[in-house]
């Protein structure tokens with residue numbers, strides 16, 4: 001079940017892998033009938049064997065849903081599947097090694113005041129277990145106000161990287177400065193810890209915002225005005 005840097009999962013159904021890990025899981029496999037708006041809880045017991053390698057394992061718990069057929073409805077069209085991803089870390093000591101790196105923390109160095117300012121955050125996992133970054137981007141306008149953009153605590157898997165969004169009122173959002181007009185020098189500091197503990201990892205960048213479009217508009221108006229004056233005087 002590989003993930004890309006946006007966190008999208010790809011389900012790979014390999015029968016050999018399924019057979020190898022069947023003994024890890026126990027749950028009720030009896031079919032369940034559900035009426036409209038009804039629900040059912042599945043309890044999954046996960047027991048890795050004593051000799052399991054200490055690392056992360058990725059699984060998907062799949063439930064197959066089959067609707068009661070009506071007349072004229074093909075049975076294959078009445079089936080669907082839903083799944084839930086499971087991340088299992090195996091560690092004898094209970095504290096697997098976790099190490100993060102900032103692969104990318106970037107924004108344009110110079111922007112127009114009306115173009116908006118969005119930060120790109122890409123975090124890598126150099127450890128032996130997945131983690132969630134807990135932190136923020138603090139943006140200081142030199143001689144001005146301070147804005148805080150909170151990072152979304154998204155899973156970063158071993159050996160991979162993840163584009164990190166920001167979170168506002170429990171919703172994922174781009175890491176973007178609020179407001180429609182920006183001017184001045186903006187100093188942005190990215191800081192986060194692994195799972196909310198340990199040493200803080202940080203990086204700082206600068207962006208200059210200037211109203212180029214306004215200046216260009218004024219210059220254009222001035223040139224047109226001079227041309228009109230010159231034509232009127234001839």
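The values are calculated or read from the model by the stated rules, or taken from the named source; none is laboratory data. All values derive from a computational prediction rather than experimental measurement. Cβ coordinates were reconstructed from backbone atoms using ideal geometry, including for glycine residues, and neighbour counts include every protein chain displayed.
Scanning region 116-140 for residues that are closer than 13 Å to residue 177 by Cβ and outside any strand (DSSP E or B) returns 116, 117. Of all the numbered requirements in (1) in a helix (DSSP H, G or I); (2) assigned by TED's automatic domain parsing to the domain that holds residue 114, residue 143 misses one, and that requirement is (1). On the basis of being surrounded by 11 or more Cβ atoms within 10 Å (Cβ to Cβ), within 29 Å of the chain's Cα centre (by Cα) and either under 30 Å from residue 86 (Cα atoms) or assigned by TED's automatic domain parsing to the domain that holds residue 107 (or both), does residue 197 make the cut? No. With (1) in contact (Cβ under 8 Å) with a residue 60 or more places away in the chain; (2) assigned to a loop (DSSP other than H, G, I, E, B); (3) closer than 30 Å to residue 98 by Cβ as the list, and residue 159 as the residue in question, which single condition is left unmet? Unmet condition: (1). Evaluated against (1) free of Cβ contacts under 8 Å to residues at least 60 places away in the same chain; (2) out of contact with any strand residue (DSSP E or B) (no Cβ under 9 Å at 6 or more places or on another chain); (3) more than 30 Å from residue 85 (Cα to Cα), residue 178 falls short on exactly one condition, (2). With the requirement that a residue be in a helix (DSSP H, G or I) and either surrounded by 10 or more Cβ atoms within 10 Å (Cβ to Cβ) or in contact with a helix residue (DSSP H, G or I) (Cβ under 6 Å, 6 or more places away or on another chain) (or both), what does region 10-26 give you? Selection gives 17, 18, 20, 21, 23, 24.
Yes/no per residue for (1) closer than 27 Å to residue 194 by Cβ; (2) surrounded by 10 or more Cβ atoms within 10 Å (Cβ to Cβ); (3) at pLDDT 85 or above; (4) not assigned by TED's automatic domain parsing to the domain that holds residue 196:
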{"position": "6", "(1), (2), (3), (4)": "yes, no, no, yes"}
{"position": "28", "(1), (2), (3), (4)": "no, yes, yes, yes"}
{"position": "39", "(1), (2), (3), (4)": "no, no, yes, yes"}
{"position": "45", "(1), (2), (3), (4)": "no, no, yes, yes"}
{"position": "53", "(1), (2), (3), (4)": "yes, no, yes, yes"}
{"position": "58", "(1), (2), (3), (4)": "yes, yes, yes, yes"}
{"position": "71", "(1), (2), (3), (4)": "no, no, no, yes"}
{"position": "84", "(1), (2), (3), (4)": "yes, yes, yes, yes"}
{"position": "95", "(1), (2), (3), (4)": "yes, no, no, yes"}
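Checked against (1) within 20 Å of the chain's Cα centre (by Cα); (2) surrounded by 15 or more Cβ atoms within 10 Å (Cβ to Cβ); (3) modelled with pLDDT under 95, residue 122 meets all criteria but (3).
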